[in-house]
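Below is one structure, written out as structure tokens; comments come after it.
The values are calculated or read from the model by the stated rules, or taken from the named source; none is laboratory data. Bear in mind that the values here come from a model prediction, so they are computed numbers and not experimental data. Ideal geometry is used to build each Cβ from the backbone, glycine not excepted, and the neighbour counts take in all protein chains shown. Areas reflect the complete protein model, heavy atoms only, side chains present, ligands, DNA and RNA absent. Shrake-Rupley method; radii C 1.70, N 1.55, O 1.52, S 1.80 Å.
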Amino acid sequence: MKRRLLVTAIGILALLGGAITYVAHARDGGAAENAVPVVTGQPMRLDGRTLYFRNLADGPDTGKLAAVPTDDPGTARRVGELHCDRFAAAHGTAICLRLKPNSLPALTEMIVLDADLRERHRETLPGTPSRARVSPDGRIVNWTMFVTGDSYAASGFSTRTGLYEVDTGRLVKTIEELAVFVGGKRYFASDVNYWGITFGADGNRFYVTMASKGRTYLIEADYRAYRGTAIAENVECPSLSPDGRRIAYKQKNPDGTWRLAVLDLTTRRITHPAEDRPIDDQPLWQGNATLLYPIRNSDNTLDVWSVGLTTPAKLLIPKATSPSLT
């Protein structure tokens with residue numbers, strides 16, 4: 001009997017010790033580092049101090065809007081009830097793209113939100129959500145939809161990129177009428193696609209990718225004049241730095257994958273941050289020297305990473321995508 005009690009006591013101590021070790025290891029970022037702390041039912045507001053993203057900690061199909069402090073992204077994430085397939089915000093305005101369930105052909109709800117994330121406007125648009133951005137002054141929201149195909153690698157895909165003026169209510173369902181010049185000549189082609197708009201601080205100058213005849217161009221455009229000029233090639237999903245000096249983008253590799261690249265708009269010099277893994281999204285600037293972007297893991301999950309122009313990449317938010325700063 002004594003021997004049996006001794007064995008039982010040793011077993012209990014071993015289990016207790018293992019539990020203590022597990023908790024301590026998890027607290028230090030060890031084996032339990034994939035356990036993501038979440039706080040639900042908390043209000044969220046575009047306050048200029050918060051990093052927003054789609055929460056994937058509850059599974060890839062939830063995609064509820066979540067938030068962490070910009071200066072402490074490792075803290076417990078606040079998760080709200082707003083579901084978006086793509087989200088972006090700036091200067092008190094946000095855009096939420098949400099695929100309508102069971103819609104054939106695919107339809108997407110484009111929802112414009114105010115600083116308290118209350119709905120201001122809604123449109124139903126054809127296609128599947130791909131990209132979303134808000135101009136730095138908060139006056140224009142823009143989006144890109146896949147009209148056919150499901151990725152940039154798909155054969156025969158088509159995109160449709162549009163704009164909505166928050167103050168005036170003007171809706172531009174597609175920018176295909178934009179007058180574009182390549183090599184000094186007005187460009188016309190039946191296969192033109194646009195995607196990934198990024199606006200300058202003045203709310204007028206913008207950049208967008210144009211694809212045609214197997215080539216991709218970076219278009220610099222004047223919104224009021226509705227005219228653009230090709231200034232570079234092999235530039236996809238551009239993102240303009242807050243100071244307007246650089247474009248971060250996806251640069252296609254010979255094997256068909258993309259890597260992160262940065263174009264200096266003055267010198268036209270291209271550099272590559274210390275991130276060699278393939279990316280398939282529109283990078284986001286945090287200040288003028290850091291980029292945020294999602295990376296897909298081998299198990300098909302997504303994490304948000306950051307990398308400096310001259311510093312190494314680091315994991316910022318696990319099980320997350322579609323980062324946005326206000």
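Going through region 259-278 one residue at a time, which ones are open to solvent by 20 Å² or more (accessible area, probe 1.4 Å) and either within 25 Å of GLY162 (Cβ to Cβ) or assigned to a loop (DSSP other than H, G, I, E, B) (or both)? Full working, then the answer.
The initial filter retains those residues of region 259-278 that are open to solvent by 20 Å² or more (accessible area, probe 1.4 Å), namely 259, 264-272, 274, 276-278.
Listed by number, the residues that qualify are LEU265, THR266, THR267, ARG268, ARG269, HIS272, ASP276, ARG277, PRO278.
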Inset, instruction - Out of VAL147, VAL182, VAL172, VAL112, report the one residue that is out of contact with any Leu (no Cβ under 6 Å at 6 or more places or on another chain), within 24 Å of GLU220 (Cβ to Cβ) and of a type in the set (Val, Ile, Thr). - result: VAL182
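Those residues that are polar (S, T, N, Q) and either under 25 Å from ALA261 (Cβ atoms) or surrounded by 22 or more Cβ atoms within 10 Å (Cβ to Cβ) (or both), I need them from region 188-203; list them, please. Break it down stepwise before answering.
First, the residues of region 188-203 that are polar (S, T, N, Q): 190, 193, 198.
Across region 188-203, the qualifying residues are ASN193, THR198.
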Legend entry - Given (1) open to solvent by less than 20 Å² (accessible area, probe 1.4 Å); (2) within 30 Å of GLY287 (Cβ to Cβ), number of the condition VAL180 does not satisfy: (2)
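Here is a yes/no grid of residues against (1) basic (Lys, Arg); (2) at pLDDT below 95; (3) out of contact with any Gly (no Cβ under 8 Å at 6 or more places or on another chain):
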site	(1), (2), (3)
THR229	no, no, yes
PRO238	no, no, no
PRO242	no, no, no
ARG245	yes, no, yes
ASN253	no, yes, yes
ASP264	no, no, yes
ARG277	yes, no, yes
Legend entry - Residue in region 107-127 that is surrounded by 16 or more Cβ atoms within 10 Å (Cβ to Cβ), at negative phi and touching a Pro at 6+ places or on another chain (Cβ under 8 Å) present: yes
Inset, instruction - Look at LEU218 and say whether it is of a type in the set (A, V, I, L, M) and open to solvent by 10 Å² or more (accessible area, probe 1.4 Å). - result: no
Legend entry - Residues located in region 71-91, provided they are open to solvent by 40 Å² or more (accessible area, probe 1.4 Å) and within 16 Å of the chain's Cα centre (by Cα): HIS83, ASP85
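Is region 234-253 home to any residue that is more than 21 Å from VAL208 (Cβ to Cβ) and without any contact (Cβ under 8 Å) to a residue 60 or more places away in the chain? Give the derivation first.
In the first step, residues of region 234-253 are kept if they are more than 21 Å from VAL208 (Cβ to Cβ); the result is 253.
Now narrow it down to the ones that are without any contact (Cβ under 8 Å) to a residue 60 or more places away in the chain: 253.
The answer is yes, given that some residue of region 234-253 is more than 21 Å from VAL208 (Cβ to Cβ) and without any contact (Cβ under 8 Å) to a residue 60 or more places away in the chain.
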Legend entry - Top-ranked residue in region 20-62 [being open to solvent by less than 30 Å² (accessible area, probe 1.4 Å) and at pLDDT below 85; ranked as nearest to LEU302 (Cα to Cα)]: GLY59
